[in-house]
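Data first, discussion second: the structure below is written as structure tokens.
The values are calculated or read from the model by the stated rules, or taken from the named source; none is laboratory data. Remember, it's a predicted structure, so these values are computed and weren't measured experimentally. Cβ placement follows ideal geometry from the backbone for every residue including glycine, while neighbour counts extend to all protein chains displayed.
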Amino acid sequence: MTIAIFLGSLIGAMALGIPIAFALLVCGAALMWHLDMFDAQILAENVIHGADSYPLLAVPFFLLAGEVMNAGGLSRRIVNLALIAFGHVRGGLGYVTIFAALLLAALSGSAVADAAALSALLLPMMAAAGYDKARSAGLIASASIIAPVVPPSIGYVVFGVAANVSISRLFMAGIVPGIMLAATLCATWWWISRNETFARPPRRSLRDLLTAIREATWALVLPVIIIVGLKMGVFTPTEAGVVAAVYALLISTLVYRELKIADLYGVFARAVQTSAIVMFLVAAAAVSAWLITVANIPGEVVVLLEPLIDSPTLMMMAIMVLVMIVGTALDLTPSILILTPVLMPLVKAAGIDPVYFGVLFMINNAIGLITPPVGVVLNTVAGVGKISMDAVTKGVIPFMAAEFAVMFVMVVFPDLVMIPARWFY
């Protein structure tokens, strides 16, 4: 009955068009009423305490860093480097998209920001070169979701706080899976485009390549600073967000000089707006998370899935299928906040490594960003690229299927994630 009230109130509120943060509050209030403990003051206190977390300070700083990178020319230089390096090969603009998305992911941590930048810079170029626009848009969308998987992922920060798992270890464990997703997209793009004849840009000279590397060096240094700093214990993930934001501001204003003082207000305003949305979601979800624990919903779910507890692989398979279904209706952050307190007891009972689970959970939720009908990244690519949602959805299907396939390969072979994770950490 408790599970029915939890799901019914949440889904019912969303079906009425209530924003997800307020739907979470409605869900929390419904659970409090069912448990005969409704108190508006307790509700408000849990909202306040939900956002009162030092590690969550990383979220606004990484969001600010992403905004500054897009406005300050760092993202454009990354794309230009990829274009000069790979643009001349068959289907080269597709590989440019994937390579640029991987590099941008290590800068921003935001799939939506990367999708907007890549759609604006590369989609017109691909259409002009004769690439199928729907397929190109699908590739951009599927490559953009690498951002939540590799550091500095905002999703890992939220999950780490919600699950009480080391954010630094999550960052390190996400590096190789992110590269595997990029390699999978490259293989899928090669297979799809192997018989196509595209207009190819001329091969650029070694001098042009070296010039592009030199211009992009300041942007390329940032992920190195973050990864090395975390591995060596120089700073925490929260402090890494500050480092990223300050570094991006200095490079954009003093080195590249593309970000003017007059532009800073707009950049900060966009970062504040996005941060407010994310943090309010976190705060509202804290109410539901607390009541989920009080109502012992995780215990009821553990009982339902008890036959699978002795088989970690089957348990992970079942969880991944559940998250796939939820991902069709929820955005990444709400999905993390709602499912984490329910699933973590299952993960611990089955003896699954929480860091390994966190990486697979993040990959699944990231793919949910390109899963219709809600897919936020699909909507971003459609809006920025001026292409219909149906066309983007059709174009993304083969790439989305490939990403789900590699995710399930990681479920069957956990060492693909854990062996590199141990080395990096």
Quiz item: Could you say whether any residue in the range 250-267 is exposed (fewer than 15 other Cβ atoms within 10 Å of the Cβ), part of a loop (DSSP other than H, G, I, E, B), without any contact (Cβ under 8 Å) to a residue 24 or more places away in the chain and among the hydrophobic types (A, V, I, L, M, F, W, C)?
Solution: no
Practice problem: Determine, yes or no, whether Pro152 is part of a loop (DSSP other than H, G, I, E, B) and touching a residue at least 40 places away in the same chain (Cβ under 8 Å). | Solution: yes
Quiz item: Which members of the range 193-246 meet the condition of being modelled with pLDDT under 80, farther than 18 Å from Ser110 by Cα and crowded, with 19+ Cβ neighbours inside 10 Å?
Solution: Leu230
Practice problem: Test Val302 against the criterion of being at pLDDT 85 or above and not hydroxyl-bearing (Ser, Thr, Tyr), and give yes or no. | Solution: no
Practice problem: Considering each of Ala141, Ala71, Ala147, Ala65 in turn, give the residue that is touching a residue at least 24 places away in the same chain (Cβ under 8 Å), closer than 30 Å to Glu239 by Cβ, under 17 Å from the mean Cα position of the chain (by Cα) and part of a helix (DSSP H, G or I). | Solution: Ala65
Self-check item: Unmet requirement for Met126, which otherwise passes all of (1) surrounded by 17 or more Cβ atoms within 10 Å (Cβ to Cβ); (2) touching a residue at least 40 places away in the same chain (Cβ under 8 Å)
Solution: (2)
Practice problem: Please specify each residue of the range 327-383 satisfying the condition of being assigned to a loop (DSSP other than H, G, I, E, B) and among the aliphatic types (A, V, I, L, M). | Solution: Ala329, Leu330, Ala350, Ile352, Leu369, Ile370, Val374
Quiz item: On the given criteria, is Gly383 buried (at least 23 other Cβ atoms within 10 Å of the Cβ), over 18 Å from the mean Cα position of the chain (by Cα) and farther than 26 Å from Pro223 by Cβ?
Solution: no
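Residue-wise test of (1) surrounded by fewer than 24 Cβ atoms within 10 Å (Cβ to Cβ); (2) farther than 30 Å from Met279 by Cα; (3) aromatic (Phe, Trp, Tyr).
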| site | (1), (2), (3) |
| --- | --- |
| Gly138 | no, no, no |
| Ala147 | no, no, no |
| Ser153 | no, no, no |
| Gly160 | no, no, no |
| Phe171 | no, no, yes |
| Gly174 | no, no, no |
| Leu185 | no, yes, no |
Self-check item: Residues (surrounded by fewer than 24 Cβ atoms within 10 Å (Cβ to Cβ), under 23 Å from Ser153 (Cα atoms) and among the small types (Gly, Ala, Ser)) located in the range 66-105
Solution: Ala71, Gly73
Quiz item: Do we have any residue at all in the range 339-354 that's closer than 18 Å to Ala105 by Cβ, crowded, with 16+ Cβ neighbours inside 10 Å, at pLDDT below 90 and hydroxyl-bearing (Ser, Thr, Tyr)?
Solution: no
Quiz item: With respect to the numbered conditions (1) assigned to a helix (DSSP H, G or I); (2) at pLDDT below 90; (3) within 17 Å of the chain's Cα centre (by Cα); (4) surrounded by 24 or more Cβ atoms within 10 Å (Cβ to Cβ), which one is the sole condition not fulfilled by Val392?
Solution: (3)
